[in-house]
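The values are calculated or read from the model by the stated rules, or taken from the named source; none is laboratory data. Bear in mind the structure is a predicted one, so any value in this text is a computation, not a measurement. Glycine also receives a Cβ, built like all others from the backbone with ideal geometry; neighbour counts cover every protein chain displayed. Quick note on the areas: whole protein, heavy atoms, side chains included, nothing else; ligands and nucleic acids left out. Shrake-Rupley method; radii C 1.70, N 1.55, O 1.52, S 1.80 Å.
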Amino acid sequence: MALKGLFIAVRTLAKQPAFTAIAVLTIALGVGASTAIFSVTHAVLLQPLPYRDAGRLVVAGMELRRRNVQNLQFSNADYIDLREGTKSVFSDMAGVFTGRNVVPQRDGTPEQIRWAVVTTNFFAVMGGRVLYGRDFTADDGVPQAAPAAGAQNAAAPPAPPNCAILSYEYFKKRFGGDPSIVGQRMPAEGRPGPLIVGVLAPGFRLYFPPEADEETAPDLWIANRLAYDAANRNGFSIRPIGRLKDGATLEQAQSASDAVAARGRETFPLDKTAGYYIDLAPMRQHLVAAVQPAILALMGSVIFLLLIACANVANLLLVRASLREHEFAVRAALGASRWRLIQPLLTESLVLTVLGTAAGLALAWAGIRELRALAPANLPRLDSIQIDGTVLVFTALAGLVAAVLFGIAPAWRATLPALMNVLRGSGRTAGLASGATVRNLVIVVEVALSFVLLVGSGLMFRSFLELQRIDPGFDAHNLLTLQVLGVPRGVDSPETRAAAVRQIEDRLRAIPGVENVTASYPFPLTGDFSPIRWGTADAAKDASKFQATDWQIVLPGYFETLRTPLIAGRTFTDDDNLPGRNYVIVDQALANKAFPGQSAVGKRILTRIRTQEAEFVQIIGVVGHQRESSLAMPGREQIYFTDGFLGNGNVRSWALRTRGDAATYENQVREAIRRVNPNLLVAEMVPATEVVEAAQAGTRFSLLLIGVFAVIAGTLAGVGLYGVLATAVRQRTAEIGVRMAMGAERGDIVQLVVAQGMRLSAVGIVIGLVAAMVLGRVMTALLVGVKATDPATFAAMTVVFLAIAALASWLPARRAARLDPKTALAEN
């Protein structure tokens, strides 16, 4: 019987291909979009991290509250204090820090590898499995013994080898999957490399938020020979990860960590004056905190889109069911039960749902590929976005919910006929006369939801425009950026390192079309910055007055090449790029903070970057502020040192100002670097415009998706409004005929129909305005330079939607105005 009903439903829908196609496409858009976005939500926010009992892993970050520094790494001493002081709540604690280096391949050509230095218990804590060889042991982490007292002239004992474990992926790529590499030394430049003791199982990754600047997939994992030096707490590198004991809570762990930080502030002056605190967060929460608002906003948007699609299909089914009320009334009069009346409508809804969900799944599969390509680089776990079992369950549930929302209400409404009234009705529009209130209500809801999405897309568009107006602090046009990695053989003194840097600079400057060349470390908008402390002379007496600033090493000509404006004083010269010259340049933000209302040029400030304690340096110039990691956030103040200030050879990010398109110089640049030294590696060569675009990627991603959803929603709402008014015109054919017979002009008929549509739209817009103001708070974290209640955006979107409503109303109004009065009266 069920199969027969299914066959009848399919046959019935096949007889109405236009209706079926529109309904299936509408469902597919709603289900497909929601499935694609849920796949992102599941991969990033919901899916457990791929570690053993990942829910008990906690990440610790250092805070220097008096200097407004959060999520800082720990020094060796602070890490060990934290580990030892929280043993009551953590069963174990590991530490990690990462970086990149250049090593020679077997043929001698350079290769960039990603490395991680980890405590020897790291894989035990995280649940990493060693496939070949062995895991680290405690002996692998024993630091080299310091020389005995009074034995300064004695020969130092041989240093124990650093022990390393290869990632499976690098093991396959570099060594062809040959297990005999275990027990051998890793090739290195000019010195013995680490001893390879094992190979990890495939797929092990590190998951930290992008702003932590840690490598996701290290090729080489090196055991940390961790030495405790209570006196040196200035070097920050380790990120601690603790595993909570069974029964221990995050609150208990935070309390124990607070006690450790309090002891640090009591014992060590640096901790006290900096305002040292420890912040704990579950590892998954720590990973997604920055992107969670954007993903939740997208998920909310796509749920609205699904509801709009359901409302649209519900209206289609209401109209279709209204046309069959005479049939249902006859069947009810002959004794058919309510269930027998509802069953065929529900079966047809089920068929539409299955077809729409299947088509939506195909759209989602294609959409996910596009999402991966468009998603910003700071979206964690991007590679795990896929259609898996959980996503399929969501798709099925979305289809089921859609079927309930658009199927049951029309079916129930259609099978509540007033028998005598329906049976007495003789016109073809008799069925349409009922259910108008329900259809109008559905349209109002649809308009309200669509308007919320339109406002969201408008706010994102305003944010994107604001981003375009933000000055990154340099001119990105005709600027080529690259990294030159790997110290050349024999470069082991400041003089030879400086000579090597000059040689690279001269070769690049000699390329025809290159106007200027410079180098720095790091480069603006790359996010590689880290803080140091600075202060005025008052900080020498009161260390609590030290503040945090980001630092950058540059070559003379840096500001000229990047066209960063000089506000006061002068920029660096070659004479400043020598050891012993204590000259610095600061940005305007630091100058204003250090010497408000005064000129900073010629003044001295304290900084600590190359010495154990802070030293005085002299400001020779003030420049405009450069954005460090995001166009949306100004970032900290900045201080600039010459390469010679730190001993030369520290710059690795190069920039070339060219006469034409910077991208056309790539081959010439690679050849110039190869001529300097074939062992140097050129990496990350991109025009600076791409660096700026990458800094806008998050906003562009949200704008694109919410904008697409808004366009679809606005279209569906317009189509739905058109359908309701077209139905109303059919329902009021006789009335229109009478009006025209009594002298009504065509303009009057158009005005009558359009007014009905605009009234429905106005009610929906008012509801949508209230909802958008309430829900706009969710988008606050996504917006740049615009408030969530921006009046201009609300006004503009109101005008846009009124235009959509006017068009959707005018089309059926025009049809009504063309009716022949005699025909209209005869058809009723």
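Do you know which of the residues in the range 595-620 that are surrounded by fewer than 20 Cβ atoms within 10 Å (Cβ to Cβ) and among the aliphatic types (A, V, I, L, M) is modelled with the highest pLDDT?
Restricting to residues being surrounded by fewer than 20 Cβ atoms within 10 Å (Cβ to Cβ) and among the aliphatic types (A, V, I, L, M), the top hit is VAL601.
Search the range 476-487 for residues that are at positive phi and pair each with any residue that is hydrophobic (A, V, I, L, M, F, W, C) when their beta-carbon atoms are under 8 Å apart and the residues are at least 6 apart or on different chains.
Filtered contacts from the range 476-487: ASN478/ALA662; GLY486/VAL102; GLY486/LEU680; GLY486/LEU681.
Here's the yes/no breakdown for (1) modelled with pLDDT of 90 or more; (2) part of a loop (DSSP other than H, G, I, E, B):
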site: ASN234; (1), (2): no, yes
site: PRO240; (1), (2): yes, no
site: GLY247; (1), (2): yes, yes
site: SER257; (1), (2): yes, no
site: ARG263; (1), (2): yes, no
site: TYR277; (1), (2): yes, no
site: ALA281; (1), (2): yes, no
site: HIS286; (1), (2): yes, no
site: ALA290; (1), (2): no, yes
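Return the only residue of ALA18, ALA43, ALA28 being open to solvent by 10 Å² or more (accessible area, probe 1.4 Å) and either among the small types (Gly, Ala, Ser) or at pLDDT 90 or above (or both).
ALA18
Please specify each residue of the range 674-715 satisfying the condition of being of a type in the set (S, T, N, Q) and within 21 Å of the chain's Cα centre (by Cα).
Hits for the range 674-715 are THR689, GLN696, THR699, SER702.
Just a yes or no: is a residue in the range 218-240 in contact with a Lys or Arg (Cβ under 8 Å, 6 or more places away or on another chain), farther than 14 Å from LEU57 by Cβ and loosely packed, with under 14 Cβ neighbours inside 10 Å?
Taking every residue of the range 218-240 in turn, none turns out to be in contact with a Lys or Arg (Cβ under 8 Å, 6 or more places away or on another chain), farther than 14 Å from LEU57 by Cβ and loosely packed, with under 14 Cβ neighbours inside 10 Å.
Being among the hydrophobic types (A, V, I, L, M, F, W, C) and not in a helix (DSSP H, G or I) is the filter here; which residues of the range 501-529 pass it?
Residues satisfying the conditions are ALA510, ILE511, VAL514, VAL517, ALA519, PHE523, LEU525, PHE529.
Pairs only if they're at least six apart or on different chains, beta carbon under 8 angstrom, first in the range 50-65 and over 14 Å from MET93 (Cα atoms) and touching a residue at least 40 places away in the same chain (Cβ under 8 Å), second open to solvent by 20 Å² or more (accessible area, probe 1.4 Å) and assigned to a helix (DSSP H, G or I); list them, first residue then second.
GLY55/ARG284
In the range 597-612, which residues are in contact with a Phe, Trp or Tyr (Cβ under 8 Å, 6 or more places away or on another chain) and more than 17 Å from TRP551 (Cβ to Cβ)?
LYS603
Kindly check whether there is at least one residue in the range 447-463 that is over 30 Å from PHE74 (Cβ atoms), open to solvent by less than 40 Å² (accessible area, probe 1.4 Å) and not in a helix (DSSP H, G or I).
no
I'm trying to understand the selection: among the residues of the range 52-104, which are among the small types (Gly, Ala, Ser), in contact with a Ser or Thr (Cβ under 8 Å, 6 or more places away or on another chain) and assigned to a strand (DSSP E or B)?
ALA60, ALA94, GLY95 - these are the residues of the range 52-104 that are among the small types (Gly, Ala, Ser), in contact with a Ser or Thr (Cβ under 8 Å, 6 or more places away or on another chain) and assigned to a strand (DSSP E or B).
From the list ASP78, ASP92, pick out the single residue that is among the charged types (D, E, K, R), in contact (Cβ under 8 Å) with a residue 40 or more places away in the chain and surrounded by fewer than 18 Cβ atoms within 10 Å (Cβ to Cβ).
After ruling out the rest, the residue left standing is ASP92.
Out of the residues in the range 621-672 meeting the condition of being among the hydroxyl-bearing types (Ser, Thr, Tyr) and assigned to a helix (DSSP H, G or I), tell me which one is surrounded by the most Cβ atoms within 10 Å (Cβ to Cβ).
Filtering first and then ranking leaves TYR665.
This table checks each residue for (1) over 38 Å from the mean Cα position of the chain (by Cα); (2) touching a residue at least 60 places away in the same chain (Cβ under 8 Å).
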{"site": "GLN547", "(1), (2)": "no, yes"}
{"site": "TRP551", "(1), (2)": "no, yes"}
{"site": "GLY557", "(1), (2)": "no, no"}
{"site": "GLY580", "(1), (2)": "yes, no"}
{"site": "ILE585", "(1), (2)": "no, no"}
{"site": "LYS593", "(1), (2)": "no, no"}
{"site": "PRO596", "(1), (2)": "no, no"}
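Grab the strands (runs of 3 or more DSSP E) fully contained in the range 105-207, keeping just those with 3 or more residues being at pLDDT 90 or above and open to solvent by 40 Å² or more (accessible area, probe 1.4 Å).
Passing ranges, in order: 130-133.
For the range 557-572, name all the residues that are more than 21 Å from ALA688 (Cα to Cα) and open to solvent by less than 60 Å² (accessible area, probe 1.4 Å).
Residues satisfying the conditions are ALA568, GLY569, THR571, PHE572.
Yes/no per residue for (1) surrounded by 15 or more Cβ atoms within 10 Å (Cβ to Cβ); (2) small (Gly, Ala, Ser):
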site	(1), (2)
ALA476	yes, yes
LEU480	yes, no
GLU495	no, no
TYR521	yes, no
TRP534	yes, no
GLN547	yes, no
